[in-house]
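Just so it is clear, none of the values below were taken in a lab; they were calculated from the coordinates. Bear in mind the structure is a predicted one, so any value in this text is a computation, not a measurement. A quick note on method: Cβ atoms are made from the backbone with ideal geometry, for glycine too, and the neighbour counts reach across all protein chains shown.
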Amino acid sequence: MAGFYLCEMQILDGKAAAQSIKDALKLDVAQLASNGKEVPHLVAILVGNNGASETYVAAKVKACEEVGFKSTLIRFESTISAFRLLETIRELNTDPDVDGILVQLPLPAHISSEEIINAIDPSKDVDGFHPVTVGRLVLGQPTFIPATPYGIQLMLAHYKIETSGRHAVVIGRSNIVGRPMSILLSAAGPQGNATVTICHSQTKNLKEICLSADIIIAALGRPGFVTADMVKEGAVVIDVGITRVDDPGRKRGYRISGDVNFDDVATKAGFLTPVPGGVGPMTIAALLKNTFHACALKHYD
Ligand code: NAD
């Protein structure tokens, strides 16, 4: 019954919400420049030529240009040593012209992402993955919020979706999405105060748990996993998943699929994010906000 929606379902348009954030940032950057201040500078490091990583990094660099940030893309062959990568990060850490550093994951198997992330100066950790950043997040202290959960928070705020006192179910417990998302939703404050259940690959009765959710955040990387029979009438469903699924019918040979079966869930959900055009653009907008913040902190030092 594709396209036939029983309830009034509202699509949460990530492109539009991200655009309004970028428009505001553009004005803030122009203000900095007119005050003779340096504009934010994001440095992205890309190792190897993983297709998806190339796409993500290109989108981040483009977004920087759009809002007037400086951006630099440093590329390395996949054979680069961890030592050389660490050396680059140390140089960027001490470069006063650089506000934010991001290392696009995944890294080649011979390099420990943990070691690389731990080397980034927390004051430039705009991806929000450093242990100091995560520790501050857990403690409710001001910090960089990991871009995807931050983007979801911004989306909830943009569409004025109430989270306080509601039951939020997060599917996925990764360090970059599920776990920080569960911490933010349960924290005191705006887009928080929810009662949170975090589910993962070993969770039993996932369907029953999801059926009691007012808000579902699906971040597991399994195309079309969340179906209408798992969703309560009127629930808010946020689809984080991005998986390339083979599609010989398309010129590029694949399509992007989310973790939610959109047409099916649209018959039950009250609010639903599309893929693409939902969480993806919000993640980039959140990264820009973090980078602006890193730069602003420097100006107020
Ligand atoms: P991950 O592989 O690190 O973690 C997946 C999580 O899902 C794990 O915690 C695992 O326990 C859980 N899981 C797996 N199978 C499950 C099942 N059957 N039932 C319940 N839980 C299950 O993935 P990740 O890095 O968190 O990313 C998740 C998805 O989000 C991927 O598709 C990724 O591409 C996408 N993603 C999107 C954005 C964005 O900007 N939109 C950003 C980051 C990640």
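Remarks
- Being under 30 Å from Pro40 (Cβ atoms), within 15 Å of the ligand (Cβ to nearest atom) and either of a type outside the set (D, E, K, R) or surrounded by 18 or more Cβ atoms within 10 Å (Cβ to Cβ) (or both) is a description that applies to Asn290.
- Qualifying residue in region 232-240 (condition: in contact (Cβ under 8 Å) with a residue 60 or more places away in the chain and within 15 Å of the ligand (Cβ to nearest atom)): yes
- Residue list for region 57-83, filter: of a type outside the set (Lys, Arg) and either surrounded by 20 or more Cβ atoms within 10 Å (Cβ to Cβ) or over 23 Å from the mean Cα position of the chain (by Cα) (or both): Ala63, Cys64, Val67, Phe69, Phe76, Glu77, Ser78, Thr79, Ile80, Ser81, Ala82, Phe83
- Listed by first and then second residue, the pairs with beta-carbon distance under 6 Å, at least 6 apart or on different chains, first residue in region 137-155 and touching a residue at least 24 places away in the same chain (Cβ under 8 Å) and outside any helix (DSSP H, G or I), second among the small types (Gly, Ala, Ser) and away from the ligand (no atom under 16 Å from the Cβ), are Gly140/Ala187.
- Residues in region 173-208 that are out of contact with any His (no Cβ under 7 Å at 6 or more places or on another chain), within 15 Å of the ligand (Cβ to nearest atom) and part of a loop (DSSP other than H, G, I, E, B): Ser174, Asn175, Ile176, Val177, His200, Ser201, Gln202, Thr203, Lys204, Asn205.
- Number of the exception - Thr203 against (1) surrounded by 21 or more Cβ atoms within 10 Å (Cβ to Cβ); (2) in contact with a helix residue (DSSP H, G or I) (Cβ under 8 Å, 6 or more places away or on another chain): (1)
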